[in-house]
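Quick notes on the structure that follows.
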Amino acid sequence: MEGIHSPRFTLCQVRQQHYQSLFRSRSTKEAILALKSWIETCLTSHPACTAAQRTLPTRVLDVSSNDPSFYVSLEENEPYAALSHCWGKSPLIQTHQNTLHDRICGIPWNSLSRTFQDAIATTRELELRYIWIDSLCIVQDDPEDWGRESERMASTYEGAQVVLAASDAKDGHGGFLGLRSNENPSPGSIFQGIKDDGNPYSIRIRKGDYHRWYGDALPPRSRVQADPSPLSTRGWAFQETLLATHYVQFRSQKLIWECKSALWCDCGARETVSKKAFYKSLSSSGQFELFSLWSRIVNAYAVKALANGSDVLPALSGLAKRFQKSNGGSYLTGLWEADLPLCLLWEAHAAKASPYRAPSWSWASMDTSI
């Protein structure tokens, strides 16, 4: 498909036997075909979605061989995928200073979690050569590298050709490919009949869904229905959802596409709610609208979960940097200097976080929602 093909990469050379059979299953095959169609439509029909700079991040995984390996980029203009996922409580493969050289030589396939394997396999199916995965592409025990790369989150997710979201996987063992629940319908959910021309037909019925939560990452707290997926509760995933230009959720029952211009579901739904309003406010020349958006962001973010409380500001740093580019001004540990009188009007019903992570006048100093 034009626009996502890398000429240096031949897909058939690297498919593992397991994924050859997996991608022949009806649900997975249909999902990949839908995703390819959405990417092509977006790249050719949505000017707002093609404006982002698409240079490679500092490090990416090159998936053009059986065992993926590090590629240290020269900031080439190459398409790549990125993964949004829950780390969970189970051990997860990471890159540290003492394993950095090994990653360049290659990462054994069997050492990767199922979610990582699914992400790499999907990247190959989309005929992309590179994917960015946070735990592998950031040196986790190097504070300088970690700080620098976390600040680049905005450009990493905004520049990705597609962000693959393992929405229903609570950790790396969950994965996101395979048998979807609608492929094993309950009794009575399949209707069969004969058409007027004599040919048989069947109708599959699956459980309905509330699509509204997909396109609105900043809902009012009074909303009765909330997104139940494990990924939606995580602090780091919050800014990934907002910053990604092309974001696809692999859910247990469906595939959801979100971009700056549209929200689509493989069930056929086409919702009017999308990121249009978010990006319109973000691009506004007026600070009032910009700071009102930040207030909504903080309110939505404050209820998200973080494995490490010290990440409360770093996990929002990509969005903060994006706001600074949009005339936000000086950023003061979760607040904006130009809006400081209003930013200080917050309250929380808990003790201060320990150890120290922000001044007492910042909402980030509290270990609870505000």
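Could you grab me the full set of residues in segment 150-166 that are modelled with pLDDT of 90 or more, assigned to a loop (DSSP other than H, G, I, E, B) and out of contact with any His (no Cβ under 9 Å at 6 or more places or on another chain)?
Residues of segment 150-166 that are modelled with pLDDT of 90 or more, as a first pass: 156-166.
Pick out the ones that are also assigned to a loop (DSSP other than H, G, I, E, B) and you get 160-161, 166.
Passing the criteria: none in range.
On inspection, K276 passes the criterion of being closer than 30 Å to H246 by Cα, assigned by the TED database to the domain that holds E158 and open to solvent by 50 Å² or more (accessible area, probe 1.4 Å). Scanning segment 157-174 for residues that are closer than 23 Å to L313 by Cβ and open to solvent by 10 Å² or more (accessible area, probe 1.4 Å) gives a single hit, E158. On inspection, K254 does not qualify as open to solvent by 60 Å² or more (accessible area, probe 1.4 Å) and not hydrophobic (A, V, I, L, M, F, W, C).
Evaluate segment 351-359: report whether one residue or more is surrounded by 13 or more Cβ atoms within 10 Å (Cβ to Cβ) and out of contact with any helix residue (DSSP H, G or I) (no Cβ under 6 Å at 6 or more places or on another chain).
At the first step, the residues of segment 351-359 found to be surrounded by 13 or more Cβ atoms within 10 Å (Cβ to Cβ) are 352-353, 357-358.
Narrowing further to those that are out of contact with any helix residue (DSSP H, G or I) (no Cβ under 6 Å at 6 or more places or on another chain): none.
Within segment 351-359, none of the residues are surrounded by 13 or more Cβ atoms within 10 Å (Cβ to Cβ) and out of contact with any helix residue (DSSP H, G or I) (no Cβ under 6 Å at 6 or more places or on another chain).
Among the residues of segment 324-370, those that are under 29 Å from the mean Cα position of the chain (by Cα) and without any contact (Cβ under 8 Å) to a residue 12 or more places away in the chain comprise Q324, K325, S330, Y331. Residues in segment 277-294: is at least one part of a loop (DSSP other than H, G, I, E, B), closer than 23 Å to E30 by Cβ and in contact (Cβ under 8 Å) with a residue 40 or more places away in the chain? Checking segment 277-294: not a single residue is part of a loop (DSSP other than H, G, I, E, B), closer than 23 Å to E30 by Cβ and in contact (Cβ under 8 Å) with a residue 40 or more places away in the chain. Every listed requirement among (1) farther than 19 Å from I133 by Cβ; (2) exposed (fewer than 15 other Cβ atoms within 10 Å of the Cβ); (3) modelled with pLDDT under 90 is met by E40 save one, (3). Using the structure shown, decide if A338 is closer than 30 Å to C42 by Cα, assigned to a helix (DSSP H, G or I) and small (G, A, S). The answer is no for A338.
Remark: pairs (first residue in segment 57-79, farther than 14 Å from I138 by Cβ; second residue part of a strand (DSSP E or B) and aromatic (F, W, Y); Cβ separation under 8 Å; 6+ apart in sequence or on different chains) = D62/F70; D62/Y71; D62/Y130; V63/Y130; Y71/Y130; E78/Y130; P79/Y130. For segment 208-216, the criterion of being at pLDDT 70 or above, among the acidic types (D, E) and part of a loop (DSSP other than H, G, I, E, B) is met by none of the residues.
Keeping to segment 77-91, report how many residues are at negative phi and either small (G, A, S) or at pLDDT below 90 (or both).
6
Applying a threshold of 6 Å to beta carbon distances and a minimum spacing of six or more residues, or different chains, the list of pairs starting in segment 296-318 at a residue that is closer than 12 Å to G147 by Cα and ending at one that is open to solvent by 20 Å² or more (accessible area, probe 1.4 Å) reads A315/W236; S317/E151.
A search for C-beta distances below 7 Å between a residue of segment 113-138 that is closer than 10 Å to A81 by Cβ and among the charged types (D, E, K, R) and any residue that is at pLDDT 95 or above and not in a loop (DSSP other than H, G, I, E, B), counting only pairs 6+ apart in sequence or on different chains, returns R129/D62.
The values are calculated or read from the model by the stated rules, or taken from the named source; none is laboratory data. Keep in mind it's a predicted model, so treat the numbers as computed, not measured. Glycine gets a Cβ as well: all are built from the backbone with ideal geometry, and neighbour counts include every protein chain shown. Heavy atoms of the whole protein, side chains included, go into the accessibility calculation; ligands, DNA and RNA do not. Shrake-Rupley method; radii C 1.70, N 1.55, O 1.52, S 1.80 Å.
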